[in-house]
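These notes concern the structure reproduced below.
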Amino acid sequence: MNNQDNEKVFQKSQINWYPGHMAKTKRLIRENINLIDVVYEVIDSRIPKSSKIIDIDNYIGNKKRILIFNKYDLCDKIETDKWIKYYENKGYTVVKTNLTLDKKLNYLISKTKELMTLEFDKMKEKSMKTDRKIRVLVVGVPNVGKSTLINRLVGRKIVNTGNKPGVTKNLDWIRVDNDIELLDSPGILWPKFEDDIAFNLASFTAIKEEVLPINQVVEYILKTLYNLYPEKLQERYKIDKYDDFVEALDTIGKKRGCLVKGGEIDYDKVFNVVLNDIKNGYIKEITFDRYGV
Ligand SMILES: Nc1nc2c(ncn2[C@@H]2O[C@H](COP(=O)(O)OP(=O)(O)OP(=O)(O)O)[C@@H](O)[C@H]2O)c(=O)[nH]1
Ligand SMILES: [Mg+2]
């Protein structure tokens, strides 16, 4: 893709990037920010830069915040830990989570209380009411694990009817424990699209096919794997050397049985195989955002 094409894709993606959710989240935050004490910003540990909402301060102002590095089980810990250090040095409170494993999230809960102890003391001095629960809002880009986090914290499946048109929705605060409650709908936000950010998001999270075509996303994934983790490409697809995109697709297609009648490769199937391998975490210990690069 040449630069001009790239630009076109990015311009288009800014327009099409979940406009419905965008408006909904803005409203959700605007109308409720005064009720909220702590914001949990969930990011994907494999893309700690690309899944971070750059202009989050515009939404949540100076509210207390915990940056949650979720899907930590799937990342390259050496690379991701550099980002954790970076954010901690900037003053963020960071918590790592693997929601397939961490049952109770005690560490997150105690960090939340720790953050608010000082705040509640300040509020008491101003004679503000503090005999109430800490109120938390979860935000993040699509597919980072917001709903899983809410369900895990609450200990049951929260069925959110907010996305259905025509359903009037009152805000529900759900109990986490004696001291914390949670807004039942997470805020879905979106980061800025620039450089590789759009492709990283398309690789690990969810971007509509009309925004970034799947063949371009898969080409990006295979190239990046070859550059950063050639052993993974070998391990999963038996590709030793990546010279040519179509050649790589043919190898994967044959190995994974993505064929149409007559033995031709079904490229659409190959695209889905690669994308699912990445999204479902079958290729582990990878981090695409490189600190300092
Ligand atoms: N391996 C792994 N998978 C996870 C983790 N957390 C969530 N997932 C999976 O990631 C996928 C997306 O999780 P959701 O909780 O639906 O994400 P979401 O942010 O609510 O997504 P949207 O509602 O689309 O914005 C699901 O298949 C989860 O099972 C984790 O820590 N590790
Ligand atoms: Mg969700």
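Just so it is clear, none of the values below were taken in a lab; they were calculated from the coordinates. Quick caveat, the model's predicted, so the values are computed rather than measured. All Cβ positions, even for glycine, are placed from backbone atoms using ideal geometry, and neighbour counts span all protein chains on display.
Summary value for the stretch 202-279: 30 percent relative contact order, contacts being C-alpha pairs under 8 angstrom separated by 6+ residues.
Highest average first, the peptides 207-218, 40-51 ordered by how many other beta carbon atoms sit within 10 Å of their residues are 40-51, 207-218.
What you get for the stretch 202-279, charging only the Cβ of Lys and Arg (+1) and of Asp and Glu (-1), is a dipole of about 280 debye around the Cα centre.
For the chain, the Stokes-Einstein estimate of translational diffusion at 25 °C and a viscosity of 0.890 mPa s comes to 118 µm²/s, using the Kirkwood hydrodynamic radius over alpha-carbon pairs.
Measuring between their Cα centroids, the stretch 220-239 and the stretch 43-100 lie 25 Å from each other. Taking amide hydrogens as placed 1.01 Å from N in the peptide plane, the amide H of ARG65 sits under 5 Å from those of VAL39, each at least 5 positions away in sequence or on another chain. List the aspartates and glutamates whose Cα sits under 20 Å from the Cα of LYS111, skipping any in the same chain fewer than 8 residues away. Counting by Cα, and skipping residues close in sequence, LYS111 has these aspartates and glutamates nearby: ASP37, GLU41, ASP44, ASP81, GLU88, ASP102, GLU119, ASP121, ASP131, ASP177, ASP179, GLU181. Taking Lys and Arg as +1 and Asp and Glu as -1, the other residues whose beta-carbon sits under 11 Å from that of LEU74 total +1.
One equal scatterer on each Cα of the stretch 202-279, no solvent, Debye formula: the resulting log10 I(q)/I(0) at q = 0.16 Å⁻¹ is -0.55. Note on LEU118 and ILE78: the extension gain reaches 11.1 nm, defined as 0.36 nm multiplied by sequence separation minus the Cα-Cα distance.
For the stretch 18-188, a simple Cβ point-charge model (Lys and Arg +1, Asp and Glu -1, everything else neutral) yields a dipole of about 280 debye relative to the Cα centre.
Placing unit charges on each Cβ (+1 for Lys and Arg, -1 for Asp and Glu) gives the chain a dipole about its Cα centre, and among LEU99, TRP83, CYS258 the Cα reaching farthest toward its positive end belongs to LEU99.
Placing +1 on the Cβ of every Lys and Arg and -1 on the Cβ of every Asp and Glu, with no other charges, gives the stretch 22-65 a dipole of roughly 80 debye about its Cα centre.
In degrees from 0 to 90, rounded to the nearest 10, what is the angle of the helix 214-228 Cα long axis to the longest principal axis of the chain? Here the helix axis deviates by roughly 90 degrees. For VAL138, the residues 5 or more places off, or on other chains, whose built amide H falls under 5 Å of its own are TYR40, LEU183, GLY187.
Under a 5 Å amide H cut-off, with hydrogens placed 1.01 Å from N, LEU259 pairs with ASP266 among residues at least 5 apart or on other chains. Placing unit charges on the Cβ atoms of the charged side chains and taking the dipole of the chain about its Cα centre, the candidate lying farthest along the positive direction among PRO48, ASN32, ILE286 is ASN32.
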